[in-house]
Protein chains: 2
Amino acid sequence: MKRSGRWGGEGDKRASTVVTMADVARSAGVSTMTVSNVINGRPRVGAATRERVLAAISDLGYQVNLAARHLRAGRTGVIGLAVPELERPYFAQLAGRLADRFETHGLRIVMERTGASREGELDAVAFSRLRMYDGLILSVVDIDPAELTQIRTDAPVVMIGERALPSRFDHVMMDNVDGARQATAHLLATGARRVAILGGNPDITASMPSLRAEGYAVAHREAGVPVDPELVVRCSFRLQDGSDAIRSLLDRGIGFDAVFALTDVVAIGALRALADAGLRIPDDVQVVGFDDIDEASYLVPSLSSVNPGHEEMADTITSLLIAQINGGPTGDPKELIVPAQLVQRGTTRPAG
Amino acid sequence: MKRSGRWGGEGDKRASTVVTMADVARSAGVSTMTVSNVINGRPRVGAATRERVLAAISDLGYQVNLAARHLRAGRTGVIGLAVPELERPYFAQLAGRLADRFETHGLRIVMERTGASREGELDAVAFSRLRMYDGLILSVVDIDPAELTQIRTDAPVVMIGERALPSRFDHVMMDNVDGARQATAHLLATGARRVAILGGNPDITASMPSLRAEGYAVAHREAGVPVDPELVVRCSFRLQDGSDAIRSLLDRGIGFDAVFALTDVVAIGALRALADAGLRIPDDVQVVGFDDIDEASYLVPSLSSVNPGHEEMADTITSLLIAQINGGPTGDPKELIVPAQLVQRGTTRPAG
DNA sequence: GTGAAAGCGCTAACAA
DNA sequence: TTGTTAGCGCTTTCAC
């Protein structure tokens, strides 16, 4: 043993030393190179030697040090997925889809959170434990568009989630504007005249809330229905925010006959408050969410929602990143918009 | 520049070289040590030198290589959280809580999935990209108890989720048996006589399903109500499994007046199928879940569920792991059971 | 089929 | 205040 491990006490019942390849080599009476060859299943190793090495490995409880391996290899086999919050169902479900796909390429997804803050996001890419990852999938919500252009990195990056930003990065977006337009148009087409819109802050240019609010406005324009600013409720994206938003409208006596929630989570919160107020869904108030999370179709009544193109989104992200990893840039950074599709369920009335 | 980078084409509009500390040192006319000192904000560096180094860094777009740093330091500052599936709300929400806590210790949580398979779990700990992490929080569901004892690692590990397993690892559990007992007892106390139990496979010894099934049996025994094996439905833990389970009972004409779902997700799936069948909740059928995920109190009707002690669980995991990281083992491996508590909501009738 | 040497990029320890 | 040396644990290259 070269040195005592982290818990180096003698008589420690747990493992107590850090075993290196050199230890194994010594114990097996071979060179580290041979140990390396055995571990990596490389061909030209004698059967007897291999046996001895394997015995020594299991004897000493050797484990490769991946930090060293990565330093040498220049790659880690892991893809980072940096999202605002780990607990948002949309991202959790996206992570699952991506993990399935990258697994087939021999890569593992690890998920971390940015806290939806500029600092957290920059941290994920620029100030860069980036070389920990062979690639990064970053959900940008707070980084300034201008800053994006400054970021310097060699590593493969795919951005997701926000609107078209002229940037040097591959970028996959959902069609926020059109999805919101579809949702709102359906509400208006089925008789709603006062559609409340809940979540986020639509005043931040290029943000998801502003894009979805734009689709909301477009639908109103197309239907010739005016938008009442009182129906725009700014709030965050947790369950409670949806409930609070509805309660705030009711308390202030602001009438509405439909709700467009910027995310399904907000919609679920809203449904709770509507039920508490004794309002019937969809007879008194229709509700549409956005994201089409798995839960949407299981709620009672089931939640109408905008499917942002889950499968296509995951496919696109995967192939862009894999292309970067394998081939380098194949021309200009790509910017792709995945079409969204309203899914009508029980919280809305059927179209005319 | 030492060598062309991963995408080394000339005229590439993106960054095209990997810049090392040595490059910066050369460009600034100092040694790598000085660069290192500047980057790490160490004190004894002349102001002028610092300026020159910083200029060179921003000039060349230098970024530290963390693989190298970690190799040197022997630590990474990251804590791995390995869970069966990234999209299960219970784990997503646990991850958020843990991330909050570890952040205050200057550590980041990254989340990866094991696929609930023995292989994935062993991969996370034994076959060891373990030294990628300063510590690992592992949700064990498929590893054989005996295997657990074989695992050799120096790294701090805290196991979560399953029952008491004699092992060399710190281990934090929810009180599966008592939580399930509380849930079932409440159903029986409020008039239910045929309680269906949905999810998992209770035949696997020491598994979460078997423990919760045990609590279910205990409550029946205490109430003097016999258990009908037909009411035990084995299924996985997705939304659809909950719906399918209910449909299967109804199709087979097996009567029941209450449902204990092994997880809230299964409960949500069950509620959907019950609604489809025109059954009223809780009048015709009462429902209780387990996990008390955030969504539970927002459903309509709100879902009664067993809170497995979320905050205490997160606190306990954090302090055990931090203790291991800082101090090594402070005696024998700890095994802690966090008390569970039934939360009564709208899917059950009030007690007494 | 096996090994020796060199070095991935960084930093602790010591020297100047 | 700054630089030199050495080496973290591994793998590539090339010699034997």
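Restricted to region B:61-73, and to residues that are in contact with a helix residue (DSSP H, G or I) (Cβ under 8 Å, 6 or more places away or on another chain) and more than 7 Å from every other protein chain (Cβ to nearest Cβ), which residue is farthest from residue A:74 (Cα to Cα)?
Ranking the qualifying residues of region B:61-73, first place goes to B:62.
Considering region A:210-262 alone, what residues qualify as being in contact with a strand residue (DSSP E or B) (Cβ under 9 Å, 6 or more places away or on another chain) and hydroxyl-bearing (Ser, Thr, Tyr)?
Result: A:210, A:216, A:236, A:248.
Quick one: count up the residues across region A:309-350 that are part of a loop (DSSP other than H, G, I, E, B) and either out of contact with any helix residue (DSSP H, G or I) (no Cβ under 7 Å at 6 or more places or on another chain) or modelled with pLDDT of 95 or more (or both).
Qualifying residue count, region A:309-350: 15.
Let me spell it out: the conditions are (1) buried (at least 21 other Cβ atoms within 10 Å of the Cβ); (2) at pLDDT below 90; (3) more than 9 Å from chain A (Cβ to nearest Cβ); (4) in a helix (DSSP H, G or I), and residue B:131 meets all of them except one. Which number is the exception?
Tallying (1) buried (at least 21 other Cβ atoms within 10 Å of the Cβ); (2) at pLDDT below 90; (3) more than 9 Å from chain A (Cβ to nearest Cβ); (4) in a helix (DSSP H, G or I), residue B:131 fails exactly one: (3).
Which one is surrounded by the most Cβ atoms within 10 Å (Cβ to Cβ), of the residues in region A:69-94 that are within 16 Å of DNA strand C (Cβ to nearest atom) and of a type in the set (D, E, K, R)?
Result: A:69.
Yes or no: residue B:110 under 27 Å from residue A:69 (Cα atoms), away from DNA strand C (no atom under 16 Å from the Cβ), facing another protein chain (nearest Cβ under 7 Å) and not charged (D, E, K, R)?
Yes, satisfied.
Quick one: what pairs do we get from region A:28-54, first residue within 14 Å of another protein chain (Cβ to nearest Cβ) and within 18 Å of residue A:66 (Cβ to Cβ), second near DNA strand D (Cβ under 9 Å from one of its atoms) and in a loop (DSSP other than H, G, I, E, B), C-beta under 8 Å, 6+ apart or different chains?
If the second residue must be near DNA strand D (Cβ under 9 Å from one of its atoms) and in a loop (DSSP other than H, G, I, E, B), the pairs left are A:39/A:64.
Determine, yes or no, whether residue A:102 is in contact with a strand residue (DSSP E or B) (Cβ under 7 Å, 6 or more places away or on another chain), facing chain B (nearest Cβ under 9 Å) and either more than 24 Å from residue B:71 (Cβ to Cβ) or modelled with pLDDT of 85 or more (or both).
The answer is no for residue A:102.
Would you check which residues across region B:250-295 are more than 9 Å from every other protein chain (Cβ to nearest Cβ), surrounded by 24 or more Cβ atoms within 10 Å (Cβ to Cβ) and among the small types (Gly, Ala, Ser) and list them?
Result: B:258, B:261, B:267, B:270, B:289.
Please find, among B:181, B:163, the residue that is at pLDDT below 90 and surrounded by 18 or more Cβ atoms within 10 Å (Cβ to Cβ).
Exactly one residue qualifies, and that residue is B:163.
So, in region B:272-291, exactly how many residues are of a type in the set (A, V, I, L, M, F, W, C), touching a Ser or Thr at 6+ places or on another chain (Cβ under 8 Å) and more than 11 Å from residue B:304 (Cβ to Cβ)? Step through it out loud before you land on a result.
Initial filter on region B:272-291 (of a type in the set (A, V, I, L, M, F, W, C)): B:273-275, B:277, B:279, B:281, B:285, B:287-288, B:290.
With the extra rule that they be touching a Ser or Thr at 6+ places or on another chain (Cβ under 8 Å), the set shrinks to B:273, B:281, B:287-288, B:290.
Going one step further and asking which of them are more than 11 Å from residue B:304 (Cβ to Cβ), we end up with B:273.
Number satisfying all stated conditions: 1.
Table: residues versus (1) assigned by TED's automatic domain parsing to the domain that holds residue B:136; (2) touching a Phe, Trp or Tyr at 6+ places or on another chain (Cβ under 9 Å); (3) crowded, with 19+ Cβ neighbours inside 10 Å.
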{"residue": "B:167", "(1), (2), (3)": "yes, no, yes"}
{"residue": "B:170", "(1), (2), (3)": "yes, no, yes"}
{"residue": "B:185", "(1), (2), (3)": "no, no, yes"}
{"residue": "B:195", "(1), (2), (3)": "no, yes, yes"}
{"residue": "B:198", "(1), (2), (3)": "no, yes, yes"}
{"residue": "B:203", "(1), (2), (3)": "no, no, no"}
{"residue": "B:224", "(1), (2), (3)": "no, no, no"}
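So which of A:30, A:45 is within 12 Å of DNA strand C (Cβ to nearest atom), at pLDDT 90 or above, touching a helix residue (DSSP H, G or I) at 6+ places or on another chain (Cβ under 9 Å) and of a type in the set (Val, Ile, Thr)?
Checking each option against the conditions leaves just A:30.
If we scan region A:169-187, do we find a residue that is of a type outside the set (Val, Ile, Thr), closer than 24 Å to residue A:89 by Cβ and within 14 Å of chain B (Cβ to nearest Cβ)?
The answer is yes; a qualifying residue exists.
Would a scan of region B:235-249 turn up a residue that is under 14 Å from residue B:184 (Cα atoms), more than 14 Å from every other protein chain (Cβ to nearest Cβ) and of a type in the set (Ser, Thr, Tyr)?
Checked against the condition, which is being under 14 Å from residue B:184 (Cα atoms), more than 14 Å from every other protein chain (Cβ to nearest Cβ) and of a type in the set (Ser, Thr, Tyr), region B:235-249 yields no hits at all.
Do we find a residue being at positive phi and in contact (Cβ under 8 Å) with a residue 60 or more places away in the chain anywhere in region B:323-336?
Scanning region B:323-336, I find no residue that is at positive phi and in contact (Cβ under 8 Å) with a residue 60 or more places away in the chain, so the answer is no.
Tell me, please, whether a residue that is surrounded by fewer than 24 Cβ atoms within 10 Å (Cβ to Cβ) and more than 27 Å from the chain's Cα centre (by Cα) can be found in region B:235-248.
So far as region B:235-248 goes, yes, one or more of its residues are surrounded by fewer than 24 Cβ atoms within 10 Å (Cβ to Cβ) and more than 27 Å from the chain's Cα centre (by Cα).
Restricting to region B:59-99, what's the tally of residues that are without any contact (Cβ under 8 Å) to a residue 40 or more places away in the chain, more than 16 Å from DNA strand D (Cβ to nearest atom) and not in a loop (DSSP other than H, G, I, E, B)?
Number of matching residues: 5.
Looking at region A:205-222 only, could you name the residues that are out of contact with any Phe, Trp or Tyr (no Cβ under 8 Å at 6 or more places or on another chain) and surrounded by 14 or more Cβ atoms within 10 Å (Cβ to Cβ)?
Answer for region A:205-222, where residues must be out of contact with any Phe, Trp or Tyr (no Cβ under 8 Å at 6 or more places or on another chain) and surrounded by 14 or more Cβ atoms within 10 Å (Cβ to Cβ): A:207, A:208, A:209, A:210, A:211, A:213, A:214, A:215, A:217, A:218, A:219, A:220.
The values are calculated or read from the model by the stated rules, or taken from the named source; none is laboratory data. Just so it is clear, the model here is predicted, and its values are computed rather than measured. Backbone-built Cβ (ideal geometry, glycine too); neighbour counts: all protein chains shown.
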